[in-house]
1. Just checking: which of the strands (runs of 3 or more DSSP E) contained wholly in the range 9-116 hold 3 or more residues that are of a type outside the set (S, T, Y) and more than 25 Å from N162 (Cβ to Cβ)?
2. Examine the range 104-112 for a residue that is surrounded by fewer than 22 Cβ atoms within 10 Å (Cβ to Cβ), outside the structural domain of G276 (by TED's automatic domain parsing) and at pLDDT 95 or above, and state whether such a residue exists.
3. Considering only the range 316-368, how many residues are assigned to a helix (DSSP H, G or I), over 25 Å from R106 (Cα atoms) and within 20 Å of the chain's Cα centre (by Cα)?
4. Going by the conditions given, is I279 surrounded by 19 or more Cβ atoms within 10 Å (Cβ to Cβ) and touching a strand residue (DSSP E or B) at 6+ places or on another chain (Cβ under 6 Å)?
5. Only one residue in D300, D235 is assigned by TED's automatic domain parsing to the domain that holds N195, closer than 30 Å to H109 by Cα, outside any strand (DSSP E or B) and not aliphatic (A, V, I, L, M), so which one is that?
6. Any residue at all in the range 57-69 that's under 25 Å from the mean Cα position of the chain (by Cα), modelled with pLDDT under 95, aliphatic (A, V, I, L, M) and within 30 Å of E30 (Cβ to Cβ)?
7. Between a first residue in the range 51-68 that is within 15 Å of N88 (Cβ to Cβ) and a second residue that is outside any helix (DSSP H, G or I), which pairs have beta carbons less than 6 Å apart while being 6 or more apart in sequence or on different chains?
Amino acid sequence: MKILVFYLQLNKDGGTEKVIINYYKNIRCESVVFSFLVQKKGGLDDDIIANGDKVYVIEKNALYKKNLQKFFLEHKNEYDIIHAHMNNDIGLVFKCAKKYGNINHRISHSHNSRSDLPKISKLYKVIRGWSMEKYSTNFWGCSSAANEWFFPRNHMKAVVVNNSIEVNKFAPSLKAREEQRQKFNISPDEFLICNIGRLVEQKNQLFLIDIMKKFIDEGGRAKLIIVGEGHLRNDLVQKISELKLEKNVFLLGNRFDIPDLLSASDIMVSPSVYEGLSIVNIEGQCSGLPCIVSKYIPKDVDLGINLVTVIESEQSEIWAHVIKEKLLSSDRKLVFSDEEKDKLKKYDIYETNKRVLSMYLEICDGYVW
């Protein structure tokens, strides 16, 4: 079976890229071959090529449609499936894949429940979205909300495919907790609050700084770590300085020790203004962390192990109060019951990827394994 994956760009720090690469690494084998079609070169391209697989770059320019047609003619009858992730050009790509590449199975995959596009771009999305739904044969999404937003005409046909993580990798570690808290100079009477996400409007970290200010002003003893990079970094640095929170708030940039940081933390706070799912809160629950989330994060994120609290309010005072209440109630889990472990498996990479492979085979219907 040969699968062509279409996405904008394969970078190392994106949530959607993490899902794509999870599928690639865990489903890829002698009988399942992945290739990638992207619009820009990315940081993961060399790793994929080093594995002996293909990354095709067709840049978005005036010749884009013509170059797509040429590409699919050159690769006619080569692919069984094209699997596209969150892109306004899916309709055009799928039309060319069907007409020139003879690819009969075309999966659109939603990873978000809203966007920050300006009005003219939203109109563009509506037009492109109609084309995408017309030429898609299968509709997948990371949550019901993501399906409803991305597939307005076909969300009832859409399938929820859970984003996957290595559940065991995020198991709480007392050793990591002690080491990391020592690094951040967390005293015994202090709490460590964490937020993980790109520094962009969607993640709402400027509001999180306001929450932290209220928390500190009301006598709370805590430090906040924000993990991620993005164009709002300078705005965050400025706000931290203006509110005199330099000793309480730390921007850590992109990190590769997320499980250790989660083990060190006492609570995760995510005031996002929209999400497809919020995989970081799944990771947080796997680490035993209480997770405070906004009403805009899909309810699918709650694994049912009493760790997720949804805040309806957009007032920083309310958030600060709930955070303080949760921290003082000592809800952090260090051990899971067997029933809770079964609930965590819902997002386990091995279980999810078995399901995705099964769905690929079912879509092809008759493919000889």
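The values are calculated or read from the model by the stated rules, or taken from the named source; none is laboratory data. Quantities reported herein were computed from a predicted structural model and do not represent experimental measurements. Because the Cβ atoms are built from the backbone with ideal geometry, glycine has one as well, and the counts that use them run over all protein chains shown.
1. Result: 54-57.
2. yes
3. Here the count works out to 4.
4. Taking the combined requirement at face value, the residue does not satisfy it.
5. D300
6. no
7. Going by the 6 Å Cβ cut-off, the qualifying pairs are K60/Q39.
For every residue, the table says whether it meets (1) more than 23 Å from Y296 (Cβ to Cβ); (2) at pLDDT 90 or above.
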| residue | (1), (2) |
| --- | --- |
| V93 | yes, yes |
| A97 | yes, yes |
| D116 | no, no |
| S131 | yes, no |
| K134 | yes, yes |
